[in-house]
2 protein chains.
Amino acid sequence: MITLYDIPSKLPGKAFSNNIFKARLAIAFKGLPFKTEWVEMCDIGPKMKALGADPTQTNPDGSPKYTLPVIYDDATGKCVSESMKIAEYLEATYPDKPSLFPFGTYAPIHLFNEYFPDVVQPGFIVFVSAFTDKLNPPTLEYIRRTREPLMGKKLEEMIPSPEEKVTLLAATKENFSKLDAIYASNGAGKMYFFGNIPSYADLILAANLIWIMLSVGMESNEWNAISNEWDGGRWGTLLKTLEKYNVNQ
Amino acid sequence: MITLYDIPSKLPGKAFSNNIFKARLAIAFKGLPFKTEWVEMCDIGPKMKALGADPTQTNPDGSPKYTLPVIYDDATGKCVSESMKIAEYLEATYPDKPSLFPFGTYAPIHLFNEYFPDVVQPGFIVFVSAFTDKLNPPTLEYIRRTREPLMGKKLEEMIPSPEEKVTLLAATKENFSKLDAIYASNGAGKMYFFGNIPSYADLILAANLIWIMLSVGMESNEWNAISNEWDGGRWGTLLKTLEKYNVNQ
């Protein structure tokens, strides 16, 4: 069975990270049994080091930096770090399961993965700062300890004002509208990046939509606008078809 | 037969515009007979209006703006403006010819078309300003008349210094290196965006490589570096396989 390492929050489903949702959805999309092992942010480094996982980045002092998602697959004895590497591992290891990379090509989805962060970028601080009061104390303290000195201010001071939020969401909406034109080029009724075939590109999008939904709140006016009004409801409709892969195991 | 409207230069092959090369390559890729009708930049508006072509943009004063490429297809009596629309028209009208959009999906290539300008953006002023002394007088005068007042300086003053060129090319190289990682994700020996299958995405890239080659000069150290050294020679190798579509007819 696959173990997915994820950061817990106070939210009912615990998971909240957009990047870790990518791996979570990819495993479920492949229909593979898995369980989650929850790791507070302060414990990721020591835990992943002990597990023998690859670091994903380098700290300013040159030491290896460990981030999630990481998976451990006891069927192969392998640890894989970083969401795209995990998706590629699952595709290569379980080729008989539904394909995350249809047509056997990887570049279009790598391009999507490179492009997509810029779409969300204007709203990133809105979404990420909304999680402050939803994190468990050890993770919140870790973020304060590592981020506040870098930013020169307290987390609470990074939360945009209501007016700033409106501006940042409007800029995000404009970027989504460009992505809508890209999806729309496939033709009416074709919901996915590859037309009628869902792929890891759509899961990258869905992971971020779930993260945005948890951030602004499922019952909020913002989520209603994003999922039902932006781009003729494209994003809410697309997410509905993929939400079955949003599972905690 | 298809007529392609293109802007001539003093270069041996006359064509120089990256955007018009996209259409030129797409028509040749489809194996369709065509002829070029050369239009100096100052004549594009009146000529395209008379032809009944769609404008592609709007001038600041609200009037329609006409740009090339435009094609006229006498087999269907249709005029099509704008490179992506031309590619889609060719695909829909000549589906039995080699496919510009393999797998029947359009979004991956639309994404590529949206992403690619940012790759070249740092070097854009280097490449575009190198054409100043290669343009015919009517087009050069038109550009001076329309661009210099907007920029508040003469074309010659927009040419980057040798030091600036080095910096701008280094930034362009860095962006190409990200694109290299995207292409490389398909695996060793897979040259194209869709692996072994060339598509309109690769033609967008080739059109820009030809434009860069004409700008810096085929025999220059810069082109040698870009085509043979950047990213292990990926771009020069890719262009070589597609250069047969770079035809003047």
- Rounded to 0.05, the calculated FRET efficiency for the beta carbons of B:Glu229 and A:Asp118 at R₀ = 25 Å is 0.30
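Using only the C-alpha atoms of chain B, find the volume of their convex hull and express it per residue in Å³.
Details: hull volume 31.9 nm³, N = 249.
Looking at chain B, the number lands at 128 Å³ per residue.
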- At a 1.4 Å probe, what is the % contribution of carbon and sulfur to the accessible area of region A:103-245? 56
- Task: Working with all protein chains in place, sort A:Met48, B:Met191, B:Met218 by solvent-accessible area computed with a 1.4 Å probe, largest first.
- Result: B:Met218, B:Met191, A:Met48
- Query: How large is ³J(HN,Hα), in whole Hz, for each residue of region A:36-43 in order, when computed from phi with the Karplus curve 6.51 cos²θ - 1.76 cosθ + 1.60 and θ = phi - 60°, using x for Gly and Pro?
  - Reply: 9, 10, 7, 10, 5, 4, 5, 9
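Report the calculated FRET efficiency for B:Lys78 and B:Lys244 (r = Cβ-Cβ distance, R0 = 35 Å), to the nearest 0.05.
Rounded to the nearest 0.05, the efficiency is 0.85.
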- Item | Nearest residue to the symmetry axis between B and A, taken on chain B by its Cβ, in whole Å | B:Pro108, 2
- Message: Suppose all protein chains stay in the model; what accessible area per residue would a 1.4 Å probe give for the protein assembly as shown, in Å²?
- Response: 45
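Which value, in debye to the nearest 20, gives the size of the charge dipole of the protein assembly as shown about its Cα centre, when Lys and Arg are +1 and Asp and Glu are -1 at the Cβ?
Dipole about the Cα centre, nearest 20: 480 debye.
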- Message: Could you compute how much accessible surface B:Tyr245 exposes when probed at 1.4 Å, giving the result in Å² to the nearest 10?
- Response: 40
- Item | Across the identical copies, how the B:Lys178 labels are spaced - nm, sorted shortest first, 7 Å along Cα→Cβ | 1.1
- With respect to the cross-link table entries A:Lys65/A:Lys165; A:Lys49/A:Lys244; A:Lys240/B:Lys97; A:Lys22/A:Lys134; A:Lys10/A:Lys165, which display a Cα-Cα separation exceeding 29 Å? A:Lys65/A:Lys165; A:Lys49/A:Lys244; A:Lys240/B:Lys97
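Using a 1.4 angstrom probe on heavy atoms only, work out the carbon and sulfur share of the accessible area of region A:2-101 in %. Show your work: numbers first, answer last.
Numbers: 2170 of 4260 Å².
Summing carbon and sulfur atoms, their accessible area is 51 percent of the total for region A:2-101.
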- Listed residues B:Pro137, B:Met213, B:Val120: farthest to the positive end of the dipole of region B:107-245 (Cβ charges): B:Pro137
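Place a +1 charge on the Cβ of each Lys and Arg in region A:103-245 and a -1 charge on the Cβ of each Asp and Glu, then give the dipole magnitude about the Cα centre in debye, rounded to the nearest 20.
The dipole of region A:103-245 has a size of about 280 debye.
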- Note on the structure: Burial-style ranking of B:147-158, A:164-175, average other-beta-carbon count within 10 Å with highest first, yields A:164-175, B:147-158
- If unit charges are put on Cβ atoms (+1 for Lys and Arg, -1 for Asp and Glu) and the dipole of chain B is taken about its Cα centre, the option from B:Ala53, B:Leu32, B:Leu168 lying farthest towards the positive end turns out to be B:Leu32
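Using +1 on the beta carbon of Lys and Arg, -1 on that of Asp and Glu, and nothing else charged, what's the dipole of region A:2-101 about the Cα centre, debye to 20?
Dipole size: approximately 240 debye.
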- Query: Hey, can you list the residues from region A:95-115 whose accessible area shrinks by 30 Å² or more with all protein chains present, relative to the chain by itself (probe 1.4 Å, no ligands or nucleic acids)?
  - Reply: A:Phe103, A:Thr105, A:Tyr106, A:Ala107, A:Pro108, A:His110, A:Leu111, A:Glu114, A:Tyr115
- A/B buried area, accessible surface, summed, 1.4 Å probe, Å²: 1800
- Task: Assign one of three labels to region B:1-54, namely rounded, prolate or oblate, based on the Cα gyration tensor with a ≥ b ≥ c the square roots of its eigenvalues; rounded applies when a/c is under 1.5, prolate when it is not and a/b is larger than b/c, and oblate otherwise.
- Result: oblate
- Note on the structure: Output row for A:Gly152: copy-to-copy label distances, label 7 Å along Cα→C-beta, ascending, in nanometres, one decimal, is 2.9
- Item | Label geometry 7 Å along the beta-carbon vector: B:Glu37 inter-copy distances in nm | 7.0
- Global form of the protein assembly as shown, assessed from the alpha-carbon gyration tensor, a/c cut-off 1.5: prolate
- Once the dipole of chain B is set up from charges on Cβ (+1 Lys and Arg, -1 Asp and Glu), the residue from the list B:Leu4, B:Pro108, B:Met158 lying farthest towards its positive end is B:Leu4
- Sort A:Trp38, A:Trp211 by accessible area with a 1.4 Å probe, largest first. A:Trp38, A:Trp211
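The values are calculated or read from the model by the stated rules, or taken from the named source; none is laboratory data. Not measured: the values here are computed from a predicted model. Here Cβ is always computed from backbone atoms with ideal geometry, including for glycine, and neighbour counts include all displayed protein chains. Ligands, DNA and RNA are stripped out before the accessible areas are found, and what is left, the full protein with its side chains, is counted by its heavy atoms. Shrake-Rupley method; radii C 1.70, N 1.55, O 1.52, S 1.80 Å.
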